[in-house]
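The values are calculated or read from the model by the stated rules, or taken from the named source; none is laboratory data. All values derive from a computational prediction rather than experimental measurement. Cβ placement follows ideal geometry from the backbone for every residue including glycine, while neighbour counts extend to all protein chains displayed.
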Amino acid sequence: MKKKHIFLILCMVVILAVAGYAFNLFKSPNLNIPFNFSSSSQQTAVQKVKTLYEVTNPGLNVTVSQVEEVSGMYKVLFKATDNAGATSYREAYVTKDGELMSESMVLVNQSINQITRIHNFVDCLDNKNVKIFGINQTATILQFNILGGAYATKLYVSCDGNLAQQCVNMGVDTVPSVFYKNKAYPGVQSLDFLQNLTSCAL
C-alpha cells in the first residue's frame, strides 16, 4: 500500500514538473525583463521618446521591446499597455541625440526608383499621344494621382467651361476619359489597363 502511495506521489510530482516546463515554454520570453541598452546615450535618446508617448497618452505604460541602429538612427519597437491591459506596438525612428523622431521613414533609393519608373511610363504614354480628358474635379485628380501626380498633367486636355464642346466633338462624353487612337475610354483607369491598352511598361 505504501509503495502505491509513493508511486502516486511521484507521478503527481512528474506531472507538475512537466506542466511547469510546458508553461514556461509558452510564456513570453521578455514579459517582465527590462531591455538592455548598448550604451547610456542610446538609453537617453530612446527614453525621451518613451516619455513623449507616455505624456501624450496618460495612463499608457510604455516599454522598449527592441532597438537597432539603422542608417545612423535608432529604430525602436515600443510596447504600449493601456489601463484595460490591451497591448499594442509602435515603431519609431529616433536620432541619436533623441531630439527628432518619426514613425514613418521614406526609403530614398526605393522612392527614386518608383518615381523614375512612373515618369518613364507617363513619357511612353505621351509619346503614344495618349490624352486624359477631364475637368477640375475629384475623379480627374484621382486619375492623375494613379499616374504619379503633377508629372502626368502633360497628358491633360481640359473639358472645363467653353472647352466642353470640343471634348464632345471628339467623342468624349464622360470625364475623366483616356483617349487613345481616336477612341475614348471613360472613367478612372488603372495602371494595368493603360499598360494593356498601350503596351507601355512599368
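Values as computed for the structure displayed
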read-out: Selection status of residue 140, at pLDDT 95 or above, β-branched (Val, Ile, Thr) and outside the structural domain of residue 74 (by TED's automatic domain parsing); value: no
read-out: Boolean, residue 53 is outside the structural domain of residue 166 (by TED's automatic domain parsing), assigned to a strand (DSSP E or B) and more than 30 Å from residue 187 (Cβ to Cβ); value: no
read-out: Total residues in segment 102-157, condition hydrophobic (A, V, I, L, M, F, W, C), closer than 21 Å to residue 198 by Cβ and touching a residue at least 40 places away in the same chain (Cβ under 8 Å); value: 11
read-out: Segment 87-100, subset of a type outside the set (Ser, Thr, Tyr) and over 17 Å from the mean Cα position of the chain (by Cα), residue surrounded by the most Cβ atoms within 10 Å (Cβ to Cβ); value: 94
read-out: Any chance residue 202 is exposed (fewer than 14 other Cβ atoms within 10 Å of the Cβ), under 30 Å from residue 93 (Cβ atoms) and in contact with a helix residue (DSSP H, G or I) (Cβ under 8 Å, 6 or more places away or on another chain); value: yes
read-out: Flag for residue 140 being hydroxyl-bearing (Ser, Thr, Tyr), touching a Pro at 6+ places or on another chain (Cβ under 8 Å) and farther than 30 Å from residue 52 by Cα; value: yes
